[in-house]
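Step one of this worksheet: look at the structure below.
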């Protein structure tokens, strides 16, 4: 059999695409708040105002004629990241990690001329990577330096951590590792490894590549059982704080760890994908139900993170039933 | 909860309205629910346009003769504020519209419903032959004509074979000098007919022009086709002036016989007549329709049938779109197929209806893959996005033109329909696919391309289904039922079919975890 029965999927508590769109995205995320996360520049300014660390902004390019300024702007930097402000799904992101005279190098070693970078920038401004092809802005950021904890697990670039946050409570987390097969991209569809992370401890639980369990990184051969995320508590409360920052009830928070500056928010997503359930080998429904049965939402991000650590931990010894009763009728979005 | 309740109430209302109206039309007005193909009824509409300049107007228009193998169900004449009369002249029936003062663009309509009577005997015109007028050719043309006639006479036995030979030699692919002197590529169909009549007159055979209309459904802005009729001493014989085939073609309505003009407009300029034809597979429905129109049933009076035929034809297509939309909703929400652009597949399936399935898919694949190749070259040229898409549009046009020309030369008329593909949509598809290729690799391009094509094919199969086509046009209120279905599907929160595959690995893992 190539298919799993819907009954079993429901038993595992897996959320499907329709249910995500209907029960979570449409229910918790008011349309008017989308621009806050669809526009990465707005997200960045918002985060800075809220005192959340973000990668340093080196410059922005708004119009086609700004492309000429690019060369002058880039002379000061040898490593940087070029991003479309309204891009989605990692589209249009160009990472430059090294420069020799007029030649720029991607982390994988691909060489680019200034001309090619200019074309990329011009494509972004024309709206090639933005939703609906609308004109876009280019954002140039400082490159994040990889944390030593990850250096054995990274094929190219910096791994990023995706945390799903419902009404400010972190639900589930996954580390995305680019591989040779994924061409250096942190996209699970293309062969990146997804590592489910225990909300309780920050340790790796389970890893998948192409939907199949793997024990060690396909390129570095390092086993995942030894992987533990540093600064876990800080990272969780950072993710939880994004709820107050944006007002969006159902969020995907993308976090990277910088060697020097610790956890940083790089992107927020109002329609986070569902692969995280495969990486964690667990469904979201029980956790969603638990949050939906809460009588009130704790206003303090740190205590919300503590709550999540307690109840969503993979280690059952830490777990006990929450003080509020689990009522079926309240969680109708997921019926 | 309340929202869900409201939605279901709405769905219930819409659905019962749709089904109720359908049942009313069926039970009370007698519309059949399924098409039965006993009779094919054509509604032919002639639209006369001209520009008036403030003078008295007199429009005289030839009407088709009644002595044919067609039954005339009814005839309508419409033109606001004009005096109207129908004349039965010796040369045939004519309609006459008149007005004292008119200014600006004017339009007159003539609408005719006909169906084919059961073939009893081959119908021939019965009137007697008229007096011959010897044509006058100048010396050079006369020599050429005589040579041509001699040649045809040698190869024939009687009037019928003589006429056929003559038509064949005039239409020959490699014309001799004599032929090209008399007729060439620039000659119009009328020139050819007149020449044939003159040549036959030189041979003392009386002949006359016949104009008529091929009855094919869904045709708009048609013009009359020229035929020639020859008297062999006892009866008139009809010949196709382009092929030499004799006899009345199937589904052909003779509109005019003899040389009198089709349309005379006194007092107006730029007069023009165009014909639209609509085909109905249902004669009983038409009878119902004409009955109800007499009784002024409001539901019919305010329906699509009250529109001019040209618009009715357009609506036949538009009313199929909701079916396509429903297919897309099912494919995306229930099955989970990824397509490139949400409703691009529907537009493709609309094009497929015009091109037929296999030819259409082949052409789509050729255009898109050729476009992708050229687009990959364009990406080296450092163009701005808008310019690049514009360039892709031009490339797509070039590819379409090449396909048309090459296939025409090869004699494949199917490929000429490539023009029905929506150009801008194709260009955007190529652009998106090529970006997808660069960013997500060829696999994703293949998945989305295949998804779009499969969705388009499924939509095509539904939209060309005979019964669905019939129902969507004759019972437009079923659209409400369709709408209700789409509203319900919009609430579906269960798993998509493809997700059962996507999350398959969880089953194995959970089994291995437990063991």
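The values are calculated or read from the model by the stated rules, or taken from the named source; none is laboratory data. Only a predicted model underlies this, so the values are computations on that prediction, with no experimental measurement involved. Cβ placement follows ideal geometry from the backbone for every residue including glycine, while neighbour counts extend to all protein chains displayed.
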I'd like to check which strands (runs of 3 or more DSSP E) are fully inside the range A:130-199 and have at least 1 residues that are farther than 28 Å from residue A:42 by Cα. A:193-197
Kindly list the number of the only condition in (1) closer than 25 Å to residue A:250 by Cβ; (2) surrounded by fewer than 23 Cβ atoms within 10 Å (Cβ to Cβ); (3) under 15 Å from the mean Cα position of the chain (by Cα) that fails for residue A:157. (1)
Which listed residue is under 28 Å from residue A:285 (Cβ atoms), under 38 Å from the mean Cα position of the chain (by Cα) and at pLDDT below 90, from B:494, B:451, B:490: B:490
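For the range B:240-257, what are the residues that are within 23 Å of residue B:114 (Cα to Cα) and crowded, with 16+ Cβ neighbours inside 10 Å?
B:240, B:248, B:251, B:252, B:253, B:254, B:255, B:256, B:257, listed by residue number.
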Is it the case that residue B:387 is in a helix (DSSP H, G or I), within 13 Å of another protein chain (Cβ to nearest Cβ) and under 17 Å from residue B:432 (Cβ atoms)? yes
In the range B:142-181, what count of residues is obtained for those that are over 17 Å from residue B:239 (Cα atoms), at pLDDT below 80 and surrounded by fewer than 16 Cβ atoms within 10 Å (Cβ to Cβ)? 5
Could you check residue A:82 against (1) surrounded by 15 or more Cβ atoms within 10 Å (Cβ to Cβ); (2) part of a helix (DSSP H, G or I); (3) assigned by TED's automatic domain parsing to the domain that holds residue A:111 and say which number it fails? (2)
For the range B:347-370, how many residues are surrounded by 15 or more Cβ atoms within 10 Å (Cβ to Cβ) and either farther than 23 Å from residue B:314 by Cβ or in contact with a strand residue (DSSP E or B) (Cβ under 6 Å, 6 or more places away or on another chain) (or both)? 9
Mind checking whether some residue in the range A:66-79 is closer than 23 Å to residue A:172 by Cβ, within 14 Å of another protein chain (Cβ to nearest Cβ) and touching a helix residue (DSSP H, G or I) at 6+ places or on another chain (Cβ under 9 Å)? no
With (1) within 30 Å of residue B:20 (Cβ to Cβ); (2) assigned to a helix (DSSP H, G or I); (3) within 13 Å of chain A (Cβ to nearest Cβ) as the list, and residue B:491 as the residue in question, which single condition is left unmet? (2)
Do we find that residue A:36 is over 23 Å from residue A:285 (Cβ atoms) and modelled with pLDDT of 90 or more in this structure? no
Scanning for something modelled with pLDDT of 85 or more and within 14 Å of chain A (Cβ to nearest Cβ), does the range B:319-330 turn up at least one residue? yes
Of the residues that make up the range B:226-241, is at least one out of contact with any helix residue (DSSP H, G or I) (no Cβ under 8 Å at 6 or more places or on another chain), part of a loop (DSSP other than H, G, I, E, B) and in contact (Cβ under 8 Å) with a residue 40 or more places away in the chain? yes
Failed condition for residue A:169, given (1) within 14 Å of chain B (Cβ to nearest Cβ); (2) buried (at least 23 other Cβ atoms within 10 Å of the Cβ): (1)
Given the criteria surrounded by 15 or more Cβ atoms within 10 Å (Cβ to Cβ), facing another protein chain (nearest Cβ under 9 Å) and more than 24 Å from residue A:301 (Cβ to Cβ), does residue A:2 qualify? no
Return yes when residue B:184 is crowded, with 16+ Cβ neighbours inside 10 Å, at pLDDT below 85 and either outside the structural domain of residue B:251 (by TED's automatic domain parsing) or over 20 Å from residue B:235 (Cβ atoms) (or both) and no when it is not. no
Going by the conditions given, is residue B:64 part of a loop (DSSP other than H, G, I, E, B) and buried (at least 16 other Cβ atoms within 10 Å of the Cβ)? yes
With part of a helix (DSSP H, G or I), at pLDDT below 85 and either in contact with a helix residue (DSSP H, G or I) (Cβ under 9 Å, 6 or more places away or on another chain) or under 30 Å from residue B:418 (Cα atoms) (or both) as the only criterion, which of B:314, B:370 stands out? B:314
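Considering each residue of the range B:222-239, count those that are under 19 Å from residue B:262 (Cβ atoms) and surrounded by fewer than 19 Cβ atoms within 10 Å (Cβ to Cβ), and give that number. So that I can check it myself, show each step before the final result.
Initial filter on the range B:222-239 (under 19 Å from residue B:262 (Cβ atoms)): B:222-229, B:238.
Restricting the remaining residues to those that are surrounded by fewer than 19 Cβ atoms within 10 Å (Cβ to Cβ) gives B:222-223, B:225.
The number of residues fulfilling the criteria is 3.
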Among the residues of the range A:45-55, is there at least one that is surrounded by 14 or more Cβ atoms within 10 Å (Cβ to Cβ), within 14 Å of chain B (Cβ to nearest Cβ) and on the phi < 0 side of the Ramachandran plot? no
Here are some residues: B:82, B:110, B:115. Which one is at pLDDT below 80 and either in contact with a strand residue (DSSP E or B) (Cβ under 7 Å, 6 or more places away or on another chain) or surrounded by 13 or more Cβ atoms within 10 Å (Cβ to Cβ) (or both)? B:115
Just checking, does the range A:44-64 include any residue being touching a residue at least 40 places away in the same chain (Cβ under 8 Å) and over 30 Å from residue A:246 (Cα atoms)? yes
Residue within the range A:26-41 that is within 12 Å of chain B (Cβ to nearest Cβ) and at positive phi present: no
Across the range A:204-223, what is the number of residues that are crowded, with 17+ Cβ neighbours inside 10 Å, farther than 17 Å from residue A:178 by Cβ and more than 14 Å from chain B (Cβ to nearest Cβ)? 0
What number of residues within the range A:213-232 satisfy the criterion of being in a helix (DSSP H, G or I) and at pLDDT below 90? 3
Are any residues in the range A:24-40 under 16 Å from the mean Cα position of the chain (by Cα), over 10 Å from residue A:270 (Cβ atoms) and surrounded by fewer than 19 Cβ atoms within 10 Å (Cβ to Cβ), and if so, which ones? A:39
Given the conditions (1) closer than 30 Å to residue B:437 by Cβ; (2) surrounded by 17 or more Cβ atoms within 10 Å (Cβ to Cβ); (3) modelled with pLDDT of 90 or more, report the number of the one that residue A:95 does not fulfil. (3)
